[in-house]
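Quick note: the coordinates plus some simple rules give every number you see, no bench work behind them. What you see is a predicted model; the values in this text were computed from it and never measured. As a convention, Cβ positions derive from the backbone with ideal geometry for all residues, glycine included, and neighbour counts pool all protein chains shown.
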Amino acid sequence: MPRLQSLEFFHIDFVNGGLPPAAYMAFSRFSSVETLAFTNCFFPNFTTFRRLLVGLPSLRELALSNVHWHPVLPHHSSHLVAALRRPLLDSLLIAEVDRDCAHVFFEWLDCTTSSQTIRRLSLEASLASTSLKTFRTTSLSPMEVHIWLYDDAGLRELLPKFTQLRSLRITAPDMSEQSMWIQLSEMLEVISSPAIRSIAVRGFVNRVLEAELVSGDVRELLGVPQRGLELLEEALKRSVFEHLTALEVKLEQWIALPLDVQTAQNVVLEVIRNRLPKVFECGIATFDLQFTRVVFCGLPQKKEEYDEGTGMQGWMVIDIQRSDH
């Protein structure tokens, strides 16, 4: 298949019932493959895994999700490998990989040309703050970074090193938690790249928006802490963001009938504009509020149940209407 450009492997145990040994050598025949993805795959060891990567001469994009090998090699063992020209990656995505495996992978990657060529980097915050620190060189300088902010970011030491960063995307699990907004603002406070032009934040607000909550306490902004927006505005006042051309914030939320989707969007957008006057004055901000309209069986009757998240287990969604945004 000389024209094949993409290979994807899903749910494969390369230890038991995977590819035969001869198949690993055959990978070099896929000379035109530029994109390689492994999802839920298990390898007998790291050596087998890296041989697959090295065997693809045109590989530029690599995506790893829930990929493991055993046994994990001792730290620094990959330094015994001579510097390699392959892989020559432009883009790397790595998620749901345990820290020991990720540590070995990044340690080896630092011995390849990819440590100087990666321009798009997507990974979990925990990996960025631990495994990525194994890079012994300072040559890694991606221009586009996407981070899943699931726990303590620990990125204040790493982000300032990305001096060519042009685009930063952050995905957070629950933007109703003030701690998430604090971590977000801390990340923005340490960015040092004068080339930064675009920042995008996407998150889910883990709270059902209902008519009484909007009219009764609109200041809470569908569960997003008021202080969270203030922290965002303060962080964006830094001089490094003077040439920012795009700020995109996308929040996803469930709303319960009888609240109208468009009404909810209008109310929340008005509150956002009032909370971020400086940001909107620059004309670069875009807020995408994507509501899912639902009908529940056993909907909690008290406001406190929304705030505490109680009673949400066992709800049955019987109708869904997505917003147009």
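What to note about this one:
- A full extension of the chain between residue 281 and residue 179 corresponds to an added length of 34.0 nm, given 0.36 nm per residue minus the alpha carbon distance.
- Between amide H atoms placed 1.01 Å from N, distances below 5 Å from residue 112 occur with 84, all of them 5 or more places distant or on a separate chain.
- Local electrostatic count at residue 52 - Lys and Arg +1, Asp and Glu -1, tallied over other residues with Cβ under 14 Å: +3
- Phi to ³J(HN,Hα) by Karplus 6.51 cos²θ - 1.76 cosθ + 1.60 over the stretch 228-245, Hz, x for Gly, Pro: x, 5, 5, 5, 4, 4, 5, 5, 6, 7, 4, 5, 5, 9, 4, 9, 5, 10
- Peptides 267-277, 93-103, 237-247 ordered by packing proxy, namely the average of other Cβ atoms within 10 Å per residue, highest first: 93-103, 267-277, 237-247.
- Going from the residue with the fewest nearby Cβ atoms within 10 Å to the one with the most, 280, 38 rank 280, 38.
- Residue-count net charge about residue 86 - beta-carbon cut-off 12 Å; Lys, Arg +1, Asp, Glu -1: +4
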